[in-house]
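Since the structure comes first, as structure tokens, the remarks are kept for the end.
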Amino acid sequence: MSIVTVQLGQCGNQIGFEVFDALFSDSHCPQGLCSKRENEAYQASCKERFFSEEENGVPIARAVLVDMEPKVINQTLSKAAHSGRWKYGQHSCFCQKQGSGNNWAYGYSVHGPRHEESIMNLIQKEVEKCDSLNGFFIIMSMAGGTGSGLGAFVTQNLQDQYSNSLKMNQIIWPYGTGEVIVQNYNSILTLSHLYRSSDALLVHENDAVHKICAKLMNIKQISFRDINQVLAHQLGSVFQPTYSGEGSFHYRRNPLGDLMENLVPHPEFKMLGVRNIPQMSENSLAYSTFTWAGLLKHLRQMLISNAKMEEGIDWQVRPPLSGLPTRGKMSLNKEFHFNTSIANLVILRGKDVHSAELGAFKDPALYTSWLEPVHAFSVWKTQRAFSKYEKSAALVSNSQFLVKPLDTIVGKAWNMFASKAYIHQYTKFGIEEEDFLDSFTLLEQVIASYCNLGF
Amino acid sequence: MGRRRRRRRVDPADAARALPEAIAALSQTLPAGPSPETFRRAKFDRPEAAPALWRLLFRVLSPQLADGASASFSPEAQVRSVKLALRTQGYPRRALAQLPDDGSQGGRELLLALAWLLARGPLPERLLTQNRVQLGDEMPVCECEALASPGPPAPSVEADGCVDIRHLQWLMGKLRFRWRNLMASQQEQCALLGKIHSYTRGCHSDRSLGHLSVTETELLRDPEGGRQLLQRLERENARLQAALEWRRRELVFWRWMDTVLGACPPEASQPTFLPRIPTPGTGALEPLVRELQALQGELREAVEARRAAWEAGVGGRGPEWSAARTALREAVGQDLAALRQACEQGGSCSLAQPHGPHRLVRTEAGVAGGPGLRAPEVIEALRSQEARLEVVLRQLQGQCRQELARLVGAPPGPVWILPPGR
């Protein structure tokens, strides 16, 4: 089954390119550590999901590129074409000559309706190329103007037009010290709208990825390209093919559906975070070996202590003993607290994957009281190594990961709203104060629901 | 002219062989059929015969389970499932329900149960039809069979005390996703079948079919698979022959079953076997009865009051009234007819052709196909059934809304329930 990706705005398009590039590179990587036949099956599965066939054999990414200015799209198209290995469809992009000045309302109320037909037609064409449609990825930033407002509008349209298909939004969470003054307004409007029309929100935090680049990859001058590549690596480690079940050697046909069924069936809990281990520069790869036990131990502690990477993990954080209240109950003032999960998905790739021991992730203390580990925890595996890492593990988690950042953003946005700062920019284009209030209400409810997981 | 010898004297050795041969034939047609020796031991209620018969009944009563799947059920689970299935079908003998769950006893009772199932209908033939080797790409055209057979036993969940509503919401959401995933898988299967059928056009030796099915395509690609298919067909042939054999010899079996029944101790006369209703305690029944009586009284009063008010409001109107009354009668008559039709059609299938799975055959547009159903007819039937179900759904939703309003205590009007985030 195939996934169609909608790349929105500067952020979405730059990241989208890196994602397709990472997927393609991995599927053609010679060091798969598996038999030729297995490698071919892996390649075929990845190809069917993310690329379509063309006469001259160059795979075309199943993607629609949307932006309000042409610069980034043209760069993206040419980068892909120059690589010679894969490319974007000639007629798969939509762009205009004007930007939207980081104005969410303009993106949502003006650009959206004005260009709705063209954009949806492009998506429809891409969907028709698929034998069967698994669902959509929508890659967008949360805080900018084009990506966020237009992204919310497009997602809503996808909900209306393809109500049976699955939709996952890849959301780029802005830097805490971002440059856009109204980024918090944009963020809360985006999140509240997406919560209503999307099935899952997979959040990538710029701050976290930046740290990974600095500490783990040892990159001195971190560019957006580096950040996007780390992000693409994380996504690839989740969505590249995995076996369809314990003991099976056929590749899973519906990863998006399986993921959503296991992680986001509850309508109030849709926010997902992703972590993966190990993460290092390519130079260091050759000198490192890992055991599954070590990797999983670190990954589990990353989950529990809400660490973003495998360095600097706080090993003091422990699951609460049964019967006792959660250590450092979910009070957002405290520094350290235990991250309660609703559901987790662990994806293992590489050598001896079947010997990996996952009992520690099935500890009931990790999970909220109303869901048992047998329902809350799932694991995907494949022997085929990912992107030259002999062993790698990824974690997609529906847990309290994002409560603190969300609460921070809502708080800041509320403070601005209380003094009505910059509201006129939004009301000018049809986003009323009531829409803001609705967004605040919804997000407060989400925060409260996640906080109550510890009980 | 001497009297022609009517028939050869039956050789005693033949007579002795007839019963085991009949049982052997029966056993071969049934899945997991035990040996004739096991049957003999079961008549005398020997404990070693019981487990094999429990397994046989389990396979017979849940035919939709594949060979491997039944192994995942523990012996206790199999015993419970058999008891439940027999009870659902109305099996009258209480002694079977009272057999221990560990499956260690009860050979004779199980024999009787098997005979009861055999007597009710063409059981071996039905099982053979359901499990037959399929060469074509089969597709069900109606839901009758699926609805008629009970599914595999679900694990019973004890709802002890309060249930966290978040867990329920989680489960509902999971169900919805599974449904969407199923839809997507089915669409994918259709797309791929379409591709195979169009690519293999002209390859089939049978002109009326014209193209290959998935099984046939695999046959060409993979000789090992072809050998396995051949083995399955040969096994099926053997079972079909055993079924014919069984039909020729079954009289001997029934005579023997009479002796099995005779060997049973007389069962005390029991009233009709009622399903076990879990009662919270005998004390809870009294107030329930009282409440029921009170409600009935209330209902009677309410009906009387309504009727009196209606008659008072309506009485003595004259000729206008009789016209209105005839119109009312007509409307009620129409409603009743629609309801009756919905009841009749809701259950049964509206297709004229036989039910059960049909082989998918792709033809060129405009070419007259062979016998069998046309896709547009099936689609039409399914569409009208969908429309009927939509009507029923809306009625039920309306009832739910009224019920909610009643519980809330408000007069029936719009009840605003915000969808949870969707």
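The values are calculated or read from the model by the stated rules, or taken from the named source; none is laboratory data. It should be emphasised that the depicted structure is a prediction, and the values quoted were computed from it without experimental measurement. Heads up, the Cβs are rebuilt from the backbone with ideal geometry, glycines too, and the neighbour counts pull from every protein chain shown.
On inspection, A:Asp199 does not qualify as surrounded by fewer than 22 Cβ atoms within 10 Å (Cβ to Cβ) and of a type outside the set (Ser, Thr, Tyr). Report the residue count in the stretch A:356-407 for those that are part of a helix (DSSP H, G or I) and free of Cβ contacts under 8 Å to residues at least 40 places away in the same chain. Matching residues across the stretch A:356-407 total 6. The set of residues in the stretch A:190-219 that are more than 14 Å from chain B (Cβ to nearest Cβ) and in a strand (DSSP E or B) comprises A:Leu202, A:Val203, A:His204, A:Glu205.
Residues in the stretch A:24-77 that are in a helix (DSSP H, G or I) and surrounded by 16 or more Cβ atoms within 10 Å (Cβ to Cβ): 19 in all.
Of the residues making up the stretch A:280-297, not a single one is modelled with pLDDT of 90 or more, surrounded by fewer than 21 Cβ atoms within 10 Å (Cβ to Cβ), within 14 Å of chain B (Cβ to nearest Cβ) and not in a helix (DSSP H, G or I).
Okay, residues lined up against (1) more than 33 Å from the chain's Cα centre (by Cα); (2) of a type in the set (Phe, Trp, Tyr):
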| residue | (1), (2) |
| --- | --- |
| B:Leu220 | yes, no |
| B:Ala238 | no, no |
| B:Ala242 | no, no |
| B:Trp246 | no, yes |
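Mind checking which residues of the stretch A:144-189 are of a type in the set (A, V, I, L, M, F, W, C), within 14 Å of chain B (Cβ to nearest Cβ) and out of contact with any Leu (no Cβ under 7 Å at 6 or more places or on another chain)? The one that is of a type in the set (A, V, I, L, M, F, W, C), within 14 Å of chain B (Cβ to nearest Cβ) and out of contact with any Leu (no Cβ under 7 Å at 6 or more places or on another chain): A:Leu158. The numbered conditions (1) surrounded by fewer than 21 Cβ atoms within 10 Å (Cβ to Cβ); (2) in contact with an Asp or Glu (Cβ under 9 Å, 6 or more places away or on another chain); (3) under 26 Å from A:His298 (Cβ atoms); (4) not small (Gly, Ala, Ser) are all true for A:Phe417 except (3). Of all residues in the stretch A:366-376, which are among the hydrophobic types (A, V, I, L, M, F, W, C) and within 14 Å of another protein chain (Cβ to nearest Cβ)? Listed by number, the residues that qualify are A:Trp370, A:Leu371, A:Val374, A:Ala376. Looking across B:Pro223, B:Pro124, B:Pro155, B:Pro140, one residue alone is at pLDDT below 90 and within 14 Å of chain A (Cβ to nearest Cβ). It is B:Pro155. Residues in the stretch B:10-65 that are surrounded by fewer than 22 Cβ atoms within 10 Å (Cβ to Cβ), in contact with a Leu (Cβ under 6 Å, 6 or more places away or on another chain) and either among the small types (Gly, Ala, Ser) or over 26 Å from B:Asn131 (Cα atoms) (or both): B:Ala32 only. Considering only residues in the stretch B:386-420 that are under 37 Å from the mean Cα position of the chain (by Cα) and within 14 Å of another protein chain (Cβ to nearest Cβ), the one that is modelled with the highest pLDDT turns out to be B:Ile417. Can you tell me which residue in the stretch B:179-214 is surrounded by the fewest Cβ atoms within 10 Å (Cβ to Cβ), limited to those that are in a helix (DSSP H, G or I) and in contact (Cβ under 8 Å) with a residue 60 or more places away in the chain? Per the criteria, the residue is B:Ser198. Restrict the check to the stretch B:343-357 and report whether at least one residue is surrounded by 12 or more Cβ atoms within 10 Å (Cβ to Cβ), at pLDDT 70 or above and not in a helix (DSSP H, G or I). Within the stretch B:343-357, one or more residues are surrounded by 12 or more Cβ atoms within 10 Å (Cβ to Cβ), at pLDDT 70 or above and not in a helix (DSSP H, G or I).
Just one of the numbered conditions (1) within 30 Å of A:Glu40 (Cα to Cα); (2) surrounded by 16 or more Cβ atoms within 10 Å (Cβ to Cβ) is not true of A:Ser355: (2).
Of the residues A:Tyr422, A:Tyr450, the single one that is at pLDDT 90 or above and either more than 19 Å from A:Met142 (Cα to Cα) or surrounded by 16 or more Cβ atoms within 10 Å (Cβ to Cβ) (or both) is A:Tyr450. Taken as a whole, the structure leaves B:Arg176 outside the set of residues that are away from every other protein chain (no Cβ under 13 Å) and either charged (D, E, K, R) or touching an Asp or Glu at 6+ places or on another chain (Cβ under 8 Å) (or both).
Taking the stretch A:126-141 as the search range and keeping residues that are surrounded by 14 or more Cβ atoms within 10 Å (Cβ to Cβ) and part of a helix (DSSP H, G or I), which one is nearest to the other protein chains (Cβ to nearest Cβ)? Among them, the one singled out is A:Val127.
If only residues of the stretch A:223-264 that are among the aromatic types (Phe, Trp, Tyr) and not in a loop (DSSP other than H, G, I, E, B) are counted, the one that is nearest to the chain's Cα centre (by Cα) is A:Phe239.
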